[in-house]
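First up is the structure itself, then whatever we jot down about it.
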Amino acid sequence: MSEIAISVKQISKCYRCYNRPIDRLKEILLPGKSRAQEFWALKDISLEVTKGETVGIIGQNGSGKSTLLQVIAGTLTPTTGEVYVSGRVSALLELGSGFNPEFTGRQNVFFNGQILGLSRTEIEAKFDEIVSFAEIGEFMEQPVKTYSSGMFVRLAFAVAINVNPEILIVDEALAVGDGVFVHRCMAKIREFQDRGGTILYVSHDVGAVSRLCTKALWMNQGIVVDSGKPAEVCKHYQAWVHEEVNKRTASHLHNRPDVPHSIAIDNQNEENIDIKKITIKEINPFTNKPFLSFSNYERFGTGRAEIEDVCLLGANDRPIKLVYPGDIVKVRITTFRHDRVRKPNVGIALLDRLRTVLSGWSTELLDKEFADYWLSKSEIGRATVEFEFIWPHLAGGSYAFDIAFGDGPHENLEMLDWIQNATTIQAAVNDFVDGVFQVAGRQIRLCEELACTGQSINF
């Protein structure tokens, strides 16, 4: 049986909010009548994390992710419930958390280390390694209130990862770091995972959560909506986000004179999200009839138009299931519009087995005039769109295509129909590929520097 690193049992966190500062004073002076409004940031959360797990937490701003991490880290006390943590916790929470702004970087390193239970001797042994990783130079001797946000996070992460933690908590702090530093942080996190460390990781990057984590939680309005395999949870979350965008788009378009249809806006209670209703639909919500095809696939959208068929073809227009680097691939998509579409926009995304988006295109991105040309042919009914490209030098294995049909430009898009994993293809390689893809045009040269001229000779 796996050892438990973190156990959270039915915790809730309530904040008392006052409309005016004087209401707080009145409540103190005149007890017996509450003048506060209660805001429950967490509602009856239960969670177990075994040692060695990496758990990703996703959700919109205000969903309770950071509050949950602060409760686990011990910087917040829950209103109700119990929290059990086994092992030394190192937390990288909101920017600057745990730092005294008046202290220098050096002083804060020793201050934080001692808080985490390290002796001064242990901190001194780690100090050079922390300084080397942070790369803030002479600023180590300056008050941290003079630091930029990037310097803050460099020092904070350097301390967090180098104090021998057993549990590492990271709350979106790496988003402010530069690209090189983020890569170094990810390498350190991978090393920490390999050593059997436990990680709680909050990020808006669902791709990073899918690749990095062994388990994922989706939170919304203080509750856990979904948990399980990262790829599946992230997929459900993305579908819900698009559903929410559709609602806002529908509200915006509802009274426009150039949009003749009426779109029903679902005001469902967001606390009780039914994942199956979001991602698995048996009936088109617009026609109230069964879908034309892909009825058992995870999909979402308003349904005013549908994706009817998707097929993969080779250069000879014959169906293909296996592809080699350099082969011509055609993705032929048949659509059906039940209603007028003001600006049809069809897109595809190529994903690997972890649902990392490797590349994506759309008719709008490739040709701004394509939608007008399409509408000039027909406004309602069936139409086929074909994307053609050269298969890249990807590692061998299975790949999937997500297919989407939207109405409008990307910045103001009503999602009509989006099918996840609409079709798959098996990729083969002619030689060994180490990594995700093989770089084209590879060459090797030996160069010798001439001491007298500083020029190079190619052999």
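The values are calculated or read from the model by the stated rules, or taken from the named source; none is laboratory data. Note that this is a predicted model, so its numbers are computed, not measured. Every residue, glycine as well, gets a Cβ built from its backbone with ideal geometry; the counts of neighbours run over all protein chains shown.
Yes or no, residue by residue, for (1) within 14 Å of the chain's Cα centre (by Cα); (2) over 20 Å from I11 (Cβ atoms):
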site: I161; (1), (2): no, yes
site: P165; (1), (2): no, yes
site: E191; (1), (2): no, yes
site: L217; (1), (2): yes, no
site: I223; (1), (2): no, no
site: E232; (1), (2): yes, yes
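Please go through segment 290-305 and pick out each residue that is buried (at least 16 other Cβ atoms within 10 Å of the Cβ) and part of a strand (DSSP E or B). Scanning segment 290-305 gives E298, R299, F300, A305.
Per the conditions (1) surrounded by 14 or more Cβ atoms within 10 Å (Cβ to Cβ); (2) among the hydroxyl-bearing types (S, T, Y); (3) in contact with a helix residue (DSSP H, G or I) (Cβ under 9 Å, 6 or more places away or on another chain), the sole criterion not satisfied by S34 is (1).
Take the conditions out of contact with any Phe, Trp or Tyr (no Cβ under 7 Å at 6 or more places or on another chain), of a type in the set (S, T, Y) and not in a strand (DSSP E or B) and apply them to S376. Does it pass? Can you show your working first?
Working: out of contact with any Phe, Trp or Tyr (no Cβ under 7 Å at 6 or more places or on another chain): yes; of a type in the set (S, T, Y): yes; not in a strand (DSSP E or B): yes.
So S376 passes the test.
In segment 335-354, what residues are closer than 28 Å to E232 by Cβ and in contact with a strand residue (DSSP E or B) (Cβ under 8 Å, 6 or more places away or on another chain)? Of everything in segment 335-354, those that are closer than 28 Å to E232 by Cβ and in contact with a strand residue (DSSP E or B) (Cβ under 8 Å, 6 or more places away or on another chain) turn out to be T335, N345, V346, G347, I348, A349, L350, L351, D352, R353. Of the strands (runs of 3 or more DSSP E) contained entirely in segment 136-246, those carrying at least 1 residues that are free of Cβ contacts under 8 Å to residues at least 40 places away in the same chain fall at 223-228. Looking only at residues of segment 9-56 that are of a type in the set (V, I, T) and part of a strand (DSSP E or B), we find that the one that is nearest to V224 (Cα to Cα) is I45. Checking the structure you have, find out if any residue of segment 268-278 is in contact with a Ser or Thr (Cβ under 9 Å, 6 or more places away or on another chain), assigned to a loop (DSSP other than H, G, I, E, B) and under 26 Å from V241 (Cβ atoms). Within segment 268-278, none of the residues are in contact with a Ser or Thr (Cβ under 9 Å, 6 or more places away or on another chain), assigned to a loop (DSSP other than H, G, I, E, B) and under 26 Å from V241 (Cβ atoms). Among the residues of segment 10-23, those that are among the charged types (D, E, K, R) and closer than 21 Å to G62 by Cα comprise K13, R16.
For the criterion of being under 28 Å from the mean Cα position of the chain (by Cα), at pLDDT 85 or above and of a type outside the set (D, E), Q107 fails. Just one of (1) at pLDDT 90 or above; (2) under 21 Å from the mean Cα position of the chain (by Cα); (3) surrounded by 13 or more Cβ atoms within 10 Å (Cβ to Cβ) fails for F389. It is (2).
Taking residues in segment 275-296 that are modelled with pLDDT of 80 or more, and partners anywhere that are basic (K, R) and buried (at least 18 other Cβ atoms within 10 Å of the Cβ), the pairs with Cβ atoms closer than 8 Å and at least 6 places apart or on different chains are F286/R304; F291/K281; F291/R299. If you check L92, L42 for being assigned by TED's automatic domain parsing to the domain that holds S148, in contact with a helix residue (DSSP H, G or I) (Cβ under 6 Å, 6 or more places away or on another chain), modelled with pLDDT of 90 or more and among the aliphatic types (A, V, I, L, M), only one passes: L42. Pairs are defined by a Cβ separation below 9 Å, a sequence spacing of at least 6 or placement on different chains, a first member in segment 360-382 that is more than 25 Å from T287 (Cβ to Cβ), and a second member that is among the acidic types (D, E); the pairs so defined are G360/D402; F370/E364; Y373/D367.
The residue that is farthest from the chain's Cα centre (by Cα), counting only those in segment 350-368 that are surrounded by 13 or more Cβ atoms within 10 Å (Cβ to Cβ), under 17 Å from F389 (Cβ atoms) and of a type in the set (D, E, K, R), is E364.
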